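What follows is a single structure, written as structure tokens, with notes after it.
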Amino acid sequence: MKIDVDRIGDLRAHPLMLGTEYRLVVRHSYDADLASDMVLGLSQFLYVVVLSSSEVSPPVLIDEAWHDSLIDTRNYRAICDEFFGRFVHHNPPLGIDIDHRSSTFLGISETVNLGLEIFGNSLVRRVWRRSAEVRPLRSVGL
């Protein structure tokens, strides 16, 4: 299957992504604009995963959106099939096979570089950072 990055708008508008955005705002107290950027960043990241020859690491805010999207298993499977032709697994960097992973896992900086190669200036930079500098209100006690 040919991966068509130009379909990112369709992926972003998929019910999975809309539901993820809603949950980020309602359940996790993210600002609506940031939640929207997190979901667009997740959409971009999933393309990076599929197009990379190595395993890649998501930036923190994108990883939070990814975790939330994974709870909607039916729609997650649907976007994987429709947009990527295969299931996109979430592989945490620490696991049983850590010695093998260390040689194949790209760090966040390298992942961001791949994102820039694919999406250029349309990469949502505020969610493609190494750390979560913007946290939901509940995380800072408000």
Kindly state which helices (runs of 4 or more DSSP H) lie completely within region 1-58 and contain at least 1 residues that are touching a helix residue (DSSP H, G or I) at 6+ places or on another chain (Cβ under 8 Å) and of a type in the set (Lys, Arg). 8-12, 15-26
Can you name the condition, by its number, that Glu110 falls short on among (1) at pLDDT below 95; (2) within 24 Å of Ser122 (Cβ to Cβ); (3) not in a helix (DSSP H, G or I)? (3)
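Looking only at region 59-79, count how many residues are assigned to a helix (DSSP H, G or I) and touching a residue at least 24 places away in the same chain (Cβ under 8 Å).
Just the residues of region 59-79 that are assigned to a helix (DSSP H, G or I), to begin with: 60-70, 73-79.
If we keep only those that are touching a residue at least 24 places away in the same chain (Cβ under 8 Å) too, we end up with 60-62, 64-66, 68-69, 75-76, 78-79.
Going through region 59-79 one residue at a time, the tally reaches 12.
So is Trp128 of a type outside the set (Gly, Ala, Ser), surrounded by 19 or more Cβ atoms within 10 Å (Cβ to Cβ) and modelled with pLDDT under 95 or not? If you could, list the steps in order and put the result at the bottom.
Details: of a type outside the set (Gly, Ala, Ser): yes; surrounded by 19 or more Cβ atoms within 10 Å (Cβ to Cβ): yes; modelled with pLDDT under 95: yes.
So Trp128 passes the test.
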Yes/no for Ala32 being loosely packed, with under 13 Cβ neighbours inside 10 Å, modelled with pLDDT of 95 or more and within 22 Å of Ser122 (Cα to Cα): yes
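When you scan region 37-95, how many residues do you find that are among the charged types (D, E, K, R) and within 19 Å of Thr111 (Cα to Cα)? Outline the logic, then answer.
First, pick out the residues of region 37-95 that are among the charged types (D, E, K, R): 37, 55, 63-64, 68, 72, 74, 77, 81-82, 86.
Filter once more, so that each one left must be within 19 Å of Thr111 (Cα to Cα): 37, 55, 63-64.
Residues in region 37-95 being among the charged types (D, E, K, R) and within 19 Å of Thr111 (Cα to Cα): 4 in total.
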If I filter region 86-98 for residues that are at pLDDT 95 or above, touching a Pro at 6+ places or on another chain (Cβ under 7 Å) and not hydroxyl-bearing (Ser, Thr, Tyr), do I get at least one hit? no
Among all residue pairs at least 6 apart or on different chains, which show Cβ distances below 6 Å where the first residue, located in region 23-46, is touching a residue at least 12 places away in the same chain (Cβ under 8 Å) and the second is of a type in the set (Ser, Thr, Tyr)? Leu24/Tyr30; Val39/Thr20
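The values are calculated or read from the model by the stated rules, or taken from the named source; none is laboratory data. All values derive from a computational prediction rather than experimental measurement. Every residue, glycine as well, gets a Cβ built from its backbone with ideal geometry; the counts of neighbours run over all protein chains shown.
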